[in-house]
1. If you take every DSSP beta bridge whose two residues both sit in region 8-167, what share of them, in percent to the nearest 5, is antiparallel?
2. What net charge do the residues around Pro188 carry, taking every other residue with its C-beta under 12 Å from that of Pro188, with Lys and Arg at +1 and Asp and Glu at -1?
3. Fewest Cβ neighbours within 10 Å first, please rank Glu77, Glu59 accordingly.
4. Output ³J(HN,Hα) for region 121-135: one whole-Hz value per residue in order, computed from phi by the Karplus curve 6.51 cos²θ - 1.76 cosθ + 1.60 with θ = phi - 60°, and x for Gly and Pro.
5. 7 Å from Cα along Cα→Cβ at both Ser183 and Leu70: what's the point-to-point distance in nm?
6. What is the sum of charges, Lys and Arg at +1 and Asp and Glu at -1, for the other residues whose Cβ falls under 10 Å from the Cβ of Glu77?
7. Asn82 versus Phe138, label points 7 Å from Cα toward the beta carbon: distance in nm?
8. Determine, for Tyr133, Tyr55, the number of other Cβ atoms within 10 Å of each Cβ, and report the residues in order from fewest to most.
Amino acid sequence: MKYNLTSKWGVFVYFCLFFISITSQSSLKVQISGDTASYSGGTYQFTAPSKQDFYLNIEAHNISATDTFLLYVTCVELNTLNGWADGFCWAASNDPINGQCYSSGQIDSSFWTSPHSMLIDTNEYGALKLDLYPDTNFFGQSHYRYLFGVMQNGSLNQIDSIDILIDYFASTSDFENSSSSISIFPNPANNYISIISDLNDPYRLDFFDVMGNKINSSTINSSSIIDLTTYKNGAYFVKAYCSDGTIITKKLLIKH
């Protein structure tokens, strides 16, 4: 639905619809491209590919029967890994060629709003393409929040949002920096794991969550069985500290 803003009636009708517009999540439906589920006000979590840049497409659908929105996007960096860079492109689905892209150099704060809005008609959507550039020397989890808002009475009114949680793992080859070896199975694990290694001396084994917090530490011999019943579901890093000073790191997924 479009209005001729060059006429007096066009301006009047447009601003009546705009300022009477619904200011709740019922006006929008936030989805991941290719996924029919609604993530409005919710969280989408995924594991990023190792050792490469990647992107994610988000769609903010206008599901109102009558309202047209001039939507802005606010990017909130709640937690980002060291060395990461990010940017995004923002466009209307029916007019992608006039979209705007913003690099990490332009996003100059952890709470940053796009200077350009996009006109989102009924039955159309705002297309948000996230571009993420990880530093392969750091692994863990990054947390972004994207807010969709309209300008009303001089203030930006946020009407929907989506949180993006990104689990990033360095590739397995990055971890094999020792002549010693260690095996963990099963992986994914349920309640127990078996540890088998060729380390002759007792060695320390530490468990970390994806945020880098140490969960547990123990000293074990070459082989051992470890109880995981108190661990929450999710991704972990297991580090074995060898007597020669090297560290072997393994990824572990726990699914009870």
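What follows is calculated from the coordinates using simple rules that are stated; it is not laboratory data. For clarity, every value in this text was computed on a predicted model and none was experimentally measured. As a convention, Cβ positions derive from the backbone with ideal geometry for all residues, glycine included, and neighbour counts pool all protein chains shown.
1. On the way: 50 of 56 bridges.
Bridges in region 8-167 are about 90 percent antiparallel.
2. Every neighbour counted, the sum reads +2.
3. Arranged by neighbour count, lowest to highest, Glu77, Glu59 become Glu77, Glu59.
4. Along region 121-135, the couplings run 6, 4, 6, 10, 8, x, 9, 10, 10, 8, 10, 10, 10, x, 8 Hz.
5. 6.4 nm
6. 0
7. Inter-label distance under the simple model: 0.7 nm.
8. Fewest-to-most ranking of Tyr133, Tyr55: Tyr55, Tyr133.
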